[in-house]
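The values are calculated or read from the model by the stated rules, or taken from the named source; none is laboratory data. Since the structure is predicted, the reported quantities are computational estimates derived from the model, not experimental observations. Counting neighbours? That spans all protein chains shown, and the Cβs are built from the backbone with ideal geometry, glycine included. The protein model used for the area step is the full one, side chains on, heavy atoms only, and it has no ligands, DNA or RNA in it. Shrake-Rupley method; radii C 1.70, N 1.55, O 1.52, S 1.80 Å.
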Amino acid sequence: MGNRKFGLAVFLGDVRSLFKAGVLVANVLPVFTGFWLALFFSGYSFADYQGLFWLTMAGSLLLMGGALVINNWYDVDIDTVMERTKKRPTVTGHFSLRSVLITGIVLSVIGQVILLFTTYEAAIYGFIGWFVYVIPYTMWSKRRYTLNTVIGSISGAVSPMIGWTAVDSGFQLVPIIFFLILFLWQMPHTFAIAIRKHDEYKAAKVAMLPVLYGIPITKRQILIYNLCLLPLPLYLTSLGTVFVTLAMIMNIGFLAVSIHGFFAKDDQKWARTIFLYSVNYIALIFLLPIIVTL
């Protein structure tokens, strides 16, 4: 019985690692927020749209999960070198590469089909996110150009657009601003990870900004993107004073942590600080709109 439990625990851990559970949850939350806000601004009742909600969430979850699994399949050589990814089932051999690829493709197809039962616009945004992540990011730019961070950010930023367009047209200010927030946030967040894992990325020959151009330039880029992020909540006055005020305070805090990087004696400690700030920031920035519109 003990061995069976251990085997199950290892299997579940492998599945969690394969699907990059933390990344998956972080991408699904904005889908929910987008859906919720589209209902709110359209004056619709959530109870009347529960069926559409579950289709949107299931389709998004499977499509994004499929993309992440394919990423794991393709990046097995990189994951073998990097310390933080050496325990992924594609590296340990717990799952065969063929089964991982098939799983990724099947989940992607099912997820895309489910989104087609919501609206075509939501399905298009879902496909854009999947395509950009799998082809231009994973298979083309990640190993060659520092631009990979920008490309990867585009794929992640479509999440609130998927949720919103399942209900209403996405050519509106609120979903576009949330797209921009998510896009701009991903840059300092990813750069912080790249600084923390500088040596691992260098060993794996992944074209991350601090690896190719150094940490000082990366710090400047983090500051620039946070400056661009700073005023965006001011375009969301339709969500009320509480949201705008709290979002602006968080943005100022993000900027302050970025500036502190130029004076930090320990780059690793500072990168961990800005990483943790960014994780909490994005969770709050997509939970607050739900709370203030309840």
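Where is the GNM fluctuation largest for the chain (alpha-carbon springs, 10 angstrom cutoff): ASN280, ASN226, ASN72?
ASN280
Given the chain reduced to its alpha-carbon atoms as identical point scatterers, what log10 I(q)/I(0) does the Debye formula return at q = 0.08, 0.09, 0.12, 0.13 Å⁻¹?
Once normalised to I(0) and log-transformed, intensities are -0.36, -0.46, -0.81, -0.95.
Aspartates and glutamates within cross-link reach of LYS205: Cα-Cα under 20 Å, excluding same-chain residues under 8 positions apart?
Hits, sequence-local ones excluded: ASP75, ASP77, ASP79, GLU83.
Using 0.36 nm times the number of residues separating MET248 and THR293, minus their current alpha carbon distance, what extension gain do you get?
14.4 nm is the gain from fully extending MET248 to THR293.
Once you have the Kirkwood Rh of segment 143-270 from its Cα pairs, apply Stokes-Einstein at 25 °C and 0.890 mPa s and quote D in µm²/s.
For these conditions, the coefficient is 155 µm²/s.
Report the Cα centroid-to-centroid distance between segment 135-166 and segment 17-38 in angstrom, as an integer.
Measuring centre to centre over Cα atoms gives 15 Å.
Could you calculate the contour length gain from ASP199 to ILE105, that is, 0.36 nm times the residue separation minus the distance between their Cα atoms, to one decimal place in nm?
Here the answer is 30.6 nm.
For the chain, what is the relative contact order in percent, using Cα pairs closer than 8 Å and at least 6 residues apart in sequence?
Over the chain, the number comes to 20 percent.
Would you mind telling me which residue in SER96, SER141, SER278 has the biggest mean-square fluctuation in a Gaussian network model of the chain, where springs connect alpha carbons within a distance under 10 angstrom?
Among SER96, SER141, SER278, the largest mean-square fluctuation in the Gaussian network model of the chain belongs to SER96.
Express the carbon and sulfur contribution to the solvent-accessible surface of the chain as a percent, rounded to the nearest whole number, probe 1.4 angstrom. Before the final figure, lay out the partial values.
Working: 9630 of 13980 Å².
Answer for the chain is 69 percent, counting heavy atoms of protein chains only.
Test of understanding: in a Gaussian network model of the chain with alpha carbons linked when under 10 Å, which of PHE263, PHE35, PHE19 would top the mean-square fluctuation ranking?
The residue that fluctuates most here is PHE263.
Computed over the Cα atoms of segment 69-184, what is the ratio Rg over Rh, Rh following Kirkwood? Walk me through the numbers before you get to the answer.
On the way: Rg = 16.0 Å, Rh = 15.5 Å.
Reported Rg/Rh (Cα atoms, Kirkwood Rh): 1.03.
With helices defined as uninterrupted DSSP H runs, which ones in the chain have an alpha carbon span along their own long axis of at least 20 Å and mean Kyte-Doolittle hydropathy of at least -1.0?
Span-like helices in the chain: 2-18, 21-42, 50-74, 97-116, 173-196, 215-229, 241-260, 267-292.
Quote the FRET efficiency, to the nearest 0.05, computed for LEU227 versus LEU173 with a Förster distance R0 of 22 Å and r equal to the Cβ-Cβ distance.
Values: r = 21 Å, r/R0 = 0.95.
That pair, LEU227 with LEU173, gives E of 0.60.
Mind listing which trypsin sites (Lys or Arg not before Pro) in segment 92-149 are in a DSSP loop and have 11 or fewer other Cβ atoms within 10 Å? Write out the running numbers ahead of the final one.
Numbers: sites: ARG98, LYS142, ARG143, ARG144; in loops: LYS142, ARG143, ARG144.
Passing sites in segment 92-149 are ARG144.
Given the rule -39500 (n - 2.57) for each run of at least 4 DSSP H residues, summed and divided by the residues of the chain, what is its mean residue ellipticity at 222 nm, to the nearest 500 deg cm²/dmol?
-24500 deg cm²/dmol
Kindly state, to the nearest 0.05, the FRET efficiency for VAL76 paired with LEU212, given R0 = 30 Å and r defined as their beta-carbon distance.
0.85
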